[in-house]
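To keep things clear, I will list the structure first and then write my remarks on it.
The values are calculated or read from the model by the stated rules, or taken from the named source; none is laboratory data. Everything quoted here is computed from the prediction, not taken from an experiment. Please note: Cβ atoms are built from the backbone with ideal geometry, for glycine as well, and neighbour counts cover all protein chains shown. The accessibility values were calculated without ligands, DNA or RNA, using every heavy atom of the protein model including side chains. Shrake-Rupley method; radii C 1.70, N 1.55, O 1.52, S 1.80 Å.
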Amino acid sequence: MQPKQTLTLTDNRNGTCYEYPIVDGTRGPSVVDMRTFFKDTGMFSYDPGYTSTASCSSKITFIDGEKGELRYRGIPIETLATKHSYLETCYLLLNEQLPSIEELHNFDLELRHRAFLHEGLRNLFNAFPDNAHPMATLSAAVTALASFYDDHLEICDESEYLEMAHRIIAKIPTIAAFSYRHSLGIPFIQPDIDLSFTKNFLTMLRAYPGGKMHLGRLGHEEIKEVEVRALDTIFTLHADHEQNASTTVVRGVASTGAHPYVAIASGIAALWGRAHGGANESVIAQLEMIGSVDNVDAFIARAKDPDDDFRLMGFGHRVYKNFDPRAKILKSLQDELKEALNLDSRLLEIAGKIEEIALNDEYFVSRHLYPNIDFYTGIILTALKIPRNMFTPIFVIGRTVGWITQWIEFKKDPQSKIARPRQLYLGE
Ligand code: ACO
């Protein structure tokens, strides 16, 4: 970070001037380095929701919200989603470059071997009530996982960072599938070492004991390759998204020196909310509630009414003031899979009408409210026979690599400090 120019601030109460370095990134808005602001002026900057704050420097993910552009390690999301697998994307995020064929083979093999859970952890699931939301169980089980791997508290070299990261990426799908199966009271399916990352997860979710698929009218309902590819793309699109709410939580927990898996568990908790990753579950609930295209206008009117707290779920984003590029990819995936996956035509019709009205309505246009990633995932996940309460756990599976890569970057950054903001006190 080499400052070239400065920003001068004048305190109009006494005419004192303060100068702060302007630092340019490789792309995106420059930042004003305000680290000495309190020491210089005795005042804090006030920015609830961090709308104008860069909390760190990073080399992982770049977003241009005005253009609707997203890149991981410099590679456009469109390239990764259409030409590379989720595991290649994980490797890229962790290692800063795409893998060779041999590197990918070894990475894949290692994740398959690490997908199993310690038998002791199985007991934890029994402590949860029937119908527990899988996100609650998932977050608790990831916290519990920390207790099995104390050594990750003191990481000394690169191989230890990678071992810690591979372990959590490999185990998250197993924990998510167990959390779901516990919520139904059905037996757990162990990972199958012969299956790819994504197919294995679908199998752990859907199979009967012994790994057999559901017996449909036409015989065994095997998992189709088109389903695996669709879910793999969804994982890739969720893999990282720079300093979003849950990643900020992960970095905040990292800053206190807690175990990395506890930081991930905190990220899972933050993701659950409807304003963040929980929106994918709410989108389908909302489409069901709207029920028919004839009711869309009434719900659009509610979304625009300042006296009604109803919001169109899956619309709007803090950073994107243009189409979310992930949403664009999912929309074309949705069109492509319409026949192959027999997508729900009633939901598609309602979603299509909402999208059409919102993209042309002055309220949404003037506020730059475009469909976000969550608007499209639900319809595809439903066609993949993934139950609604598993939508946000699917987001967790995809995002774990991003969280852990950000955790590692934080730990390696010599400028990292404990996250400790201040406040404007207005009380007694
Ligand atoms: N429906 C109707 N109006 C909306 C919506 C929406 N979905 N989103 C924002 N607005 C309006 C607000 O009422 C506000 O209007 P005003 O200026 O008249 O007061 C304006 O747009 C700006 O909204 P903010 O809430 O200030 O924007 P912010 O950046 O803080 O919030 C957020 C972004 C949380 C995503 C918001 O757009 C939202 O709640 N969307 C619905 C939930 C959702 O889809 N979340 C998933 C986000 S993507 C992700 O996390 C993976």
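In a simple Cβ point-charge model (Lys, Arg +1; Asp, Glu -1; nothing else charged), region 51-206 has a dipole of about 660 debye relative to its Cα centre. Here the gap between residue 186 and residue 160, fully extended at 0.36 nm per residue and compared with their Cα-Cα distance, gives a gain of 5.8 nm. For the options 257, 120, 402, a Gaussian network treatment of the chain with springs between C-alpha atoms closer than 10 Å singles out 120 as fluctuating the most. Taking +1 at the Cβ of each Lys and Arg and -1 at the Cβ of each Asp and Glu, which of 371, 301, 387 sits farthest along the dipole of region 255-414 towards its positive end, judged by Cα position relative to the Cα centre? Most positive-ward Cα: 387. Between 0 and 90 degrees, the angle of helix 86-95 with respect to the longest Cα principal axis of the chain falls at about 30 degrees. Each residue of region 51-64 is assigned a 3J(HN,Hα), and the resulting list reads 5, 10, 10, 9, 8, 6, 9, 8, 10, 8, 10, 10, 10, 10 Hz, derived from the Karplus form 6.51 cos²θ - 1.76 cosθ + 1.60 (θ = phi - 60°), x at Gly and Pro. In a DSSP loop and with at most 12 other Cβ atoms within 10 Å, the chymotrypsin sites (Phe, Trp or Tyr not before Pro) in region 351-428 are 425. Coordinate range of the alpha-carbon atoms in region 271-390 per principal axis, descending: 40, 31, 26 Å. With contacts defined as alpha carbon pairs under 8 Å and 6 or more residues apart, what's the relative contact order of the chain in percent? Answer for the chain is 19 percent. Applying a DSSP loop filter and a limit of 13 other Cβ atoms within 10 Å to the GluC sites (Glu not before Pro) in region 93-143 leaves 96. Taking every C-alpha pair closer than 8 Å and separated by at least 6 residues, the mean separation divided by the residue count of region 198-342 gives a relative contact order of 15 percent.
Checking the cross-link pairs 199/328; 212/328; 328/385; 171/411 against a 28 Å limit on the alpha carbon distance flags 212/328 as lying beyond it. Normalised by the number of residues in region 71-114, the mean separation of alpha-carbon contacts (under 8 Å, six or more apart) gives a relative contact order of 31 percent. Calculate how steeply helix 391-412 sits against the longest principal axis of the alpha-carbon atoms of the chain, using the helix alpha-carbon long axis, and give the answer as 0 to 90 degrees to the nearest 10. Result, in degrees: 40. Say the dipole of the chain comes from +1 at the beta carbon of Lys and Arg and -1 at that of Asp and Glu; which of 22, 80, 128 then lies farthest toward its positive end? Highest projection toward the positive end goes to 128.
Rolling a 1.4 Å probe over the heavy atoms of the protein chains gives the chain an accessible area of 50 Å² per residue. Among the GluC sites (Glu not before Pro) in region 1-91, those placed in a DSSP loop whose Cβ has at most 13 other Cβ atoms within 10 Å are 66. Each Lys and Arg contributes +1 and each Asp and Glu -1, all at the Cβ; summed about the Cα centre of region 27-99, the dipole is approximately 140 debye. Rounded to whole numbers, the Karplus 3J(HN,Hα) couplings from phi for region 155-170 are 8, 10, 9, 4, 5, 6, 4, 5, 4, 4, 5, 4, 4, 6, 4, 6 Hz, using 6.51 cos²θ - 1.76 cosθ + 1.60 with θ = phi - 60°, and x at Gly and Pro.
These residues, 45, 266, 57, 246, go from largest to smallest accessible area, 1.4 Å probe, as 45, 57, 266, 246. Nearest 10 degrees is fine. How inclined is helix 279-290 to the longest principal axis of the chain, computing both from alpha carbons? With rounding to tens, the tilt is 70 degrees. In summary, the aspartates and glutamates within cross-link reach of residue 412, defined as a Cα separation below 15 angstrom excluding same-chain residues under 8 places away, comprise 96, 154, 157, 158, 160. Region 233-298 and region 1-69 have Cα centres separated by 27 Å.
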